[in-house]
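The values are calculated or read from the model by the stated rules, or taken from the named source; none is laboratory data. The structure presented is a predicted model; accordingly, all values stated were derived computationally and were not measured. Glycine gets a Cβ as well: all are built from the backbone with ideal geometry, and neighbour counts include every protein chain shown. These area figures cover heavy atoms from the full protein model, side chains too; ligands, DNA and RNA do not enter into them. Shrake-Rupley method; radii C 1.70, N 1.55, O 1.52, S 1.80 Å.
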Amino acid sequence: MLKVKGMRDVSPGKRVFVIEEDGEPAPSDSIRRVASIAQRLIQENNLPGEFYVFESGLLGLDVLATDRTFFHDGIVFASLDAVNNPGKNPTITQLAIGN
């Protein structure tokens, strides 16, 4: 199960989310699935920013802090739910299938 263990700004325009799977840094392929769903949700909601694999265990978000809203963090948690439990939200899960 993927879990967010923390988040931090590493520069004015970059935030990273620390994601673990079973107590270890999540593998890049798991982060890639989360990033794909999160990026799609960003686009569908016309929000600025870009999600991507920063490195193993880290999901990156490029967006200036002044442009970041609470929706950005919420999108990460919604994307984790979709990866962890695809049947819980079929609409979001369909985004993962399409990518």
Amide H contacts under 5 Å for Ala26, placed H, 5+ residues apart: Ile19, Glu20, Glu21, Gly57
Fraction of accessible area attributable to carbon and sulfur, the chain (%, probe 1.4 Å): 53
Paramagnetic reach from Asp67 in the range 10-33 [backbone N under 20 Å; point 7 Å along Cα→Cβ]: 10-17
In nm, spacing of pseudo-spin labels at Val4 and Glu20 (7 Å Cα→C-beta vector): 1.6
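Could you state the accessible area per residue of the range 1-77 in Å², with a 1.4 Å probe and every protein chain left in place?
Value returned for the range 1-77: 54 Å² of accessible area per residue.
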Cut-off 12 Å between beta-carbons: net charge of the residues surrounding Glu20, Lys and Arg +1, Asp and Glu -1: -1
Rounded to whole Hz, the Karplus (6.51, -1.76, 1.60) HN-Hα couplings of the range 6-11, x for glycine and proline: x, 8, 7, 8, 9, 6
Reachable lysines, given that their alpha-carbon falls under 26 Å from the alpha-carbon of Lys88 and they are not under 8 places away in the same chain: Lys3, Lys5
